1. So, in nm, how far is label Thr65 from label Glu103 when the simple model puts each one 7 Å beyond its Cα toward the Cβ?
2. State the three equivalent ellipsoid semi-axes of segment 1-42, derived from the C-alpha gyration tensor as the square roots of 5 times its eigenvalues, in descending order and whole Å.
3. Convert 20 °C to kelvin, take the viscosity as 1.002 mPa s, use the Kirkwood radius over C-alpha pairs of segment 33-98 as Rh, and evaluate the Stokes-Einstein diffusion coefficient in µm²/s, rounded to a whole number.
4. Which one of Asn115, Gln31, Phe4 is farthest out on the positive end of the charge dipole of segment 3-157, using unit charges on Cβ (Lys, Arg +1; Asp, Glu -1) and the Cα centre as origin?
5. Number of Lys pairs in the chain with C-alpha atoms less than 29 angstrom apart, excluding same-chain neighbours closer than eight positions?
6. Check which residues have an amide H placed less than 5 Å from Thr130's amide H, if you skip close sequence neighbours.
7. For the chain, what is the accessible area per residue in Å² when the probe is 1.4 Å?
8. What is the Å³ per residue value for the convex hull set by the Cα atoms of the chain?
Amino acid sequence: MQVFEAVETLLAIRSYEEKSIPPETVTRILQAARLTASSKNRQDWDFVVVQRKESLQRLGELARTGSYIRDAALAIAVVVPNHPIGPVDGARAIQDMMLVAWEEGIGSNWVSNVNTAEVKAFLAIPEDRTLLAIIPFGYPTRDVGAGIKDRKPLSEIAHAEKYGQPYGD
Ligand SMILES: Cc1cc2nc3c(=O)[nH]c(=O)nc-3n(C[C@H](O)[C@H](O)[C@H](O)COP(=O)(O)O)c2cc1C
């Protein structure tokens, strides 16, 4: 899959087949995170890999905006420092993981609102670290090619040379 095609077709996937992800593919997804660039090459991030069915079930109960984690084959919790650049670095690693998974036919999504005492305690995340997101992964239950992106046109968001000057006219 070409990079643009992956970006163009990637969708938030919230329902998954009951099918496990091969260990080498899980490692490949993690390698994508590891290889991502970070500010000053700090690599100050941690990835908690959750695959036990009962743990996924519990995370689905605890995540207010991600109950579907319970149906995932894998969830990766992304932990960053309490520093403004932490979420920036973490977000890039997340996007790379999602794209590499997508290339393997695996859907995923970003679940936020998880930096709570309960979720952190469940995953044994140190109090002084931030749980940026939990990313559930799994083989999508529907034909992923059928997804349509709902995005603003370039004319609304791109500016030529200075803010407010239309791009492309
Ligand atoms: C920073 C961020 C936080 C998100 N948080 C959630 C979330 O908590 N729960 C959820 O179901 N989707 C979440 N999403 C998914 C977005 O709602 C989804 O990507 C967006 O609506 C566009 O849908 P599409 O990617 O399928 O086109 C999040 C996405 C991003 C980038």
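1. 2.8
2. So the equivalent ellipsoid measures 23, 17, 11 Å along its semi-axes.
3. Stokes-Einstein gives a translational diffusion coefficient of 168 µm²/s.
4. Asn115
5. For the chain, qualifying lysine pairs total 7.
6. Val80, Asn82
7. 60
8. Spelled out: Cα convex hull of the chain, divided by residues, is 145 Å³.
The values are calculated or read from the model by the stated rules, or taken from the named source; none is laboratory data. Here the structure is a predicted model, which is why all the values come from computation and not from measurement. Counting neighbours? That spans all protein chains shown, and the Cβs are built from the backbone with ideal geometry, glycine included. Note: areas computed on protein heavy atoms with side chains; ligands, DNA, RNA excluded. Shrake-Rupley method; radii C 1.70, N 1.55, O 1.52, S 1.80 Å.
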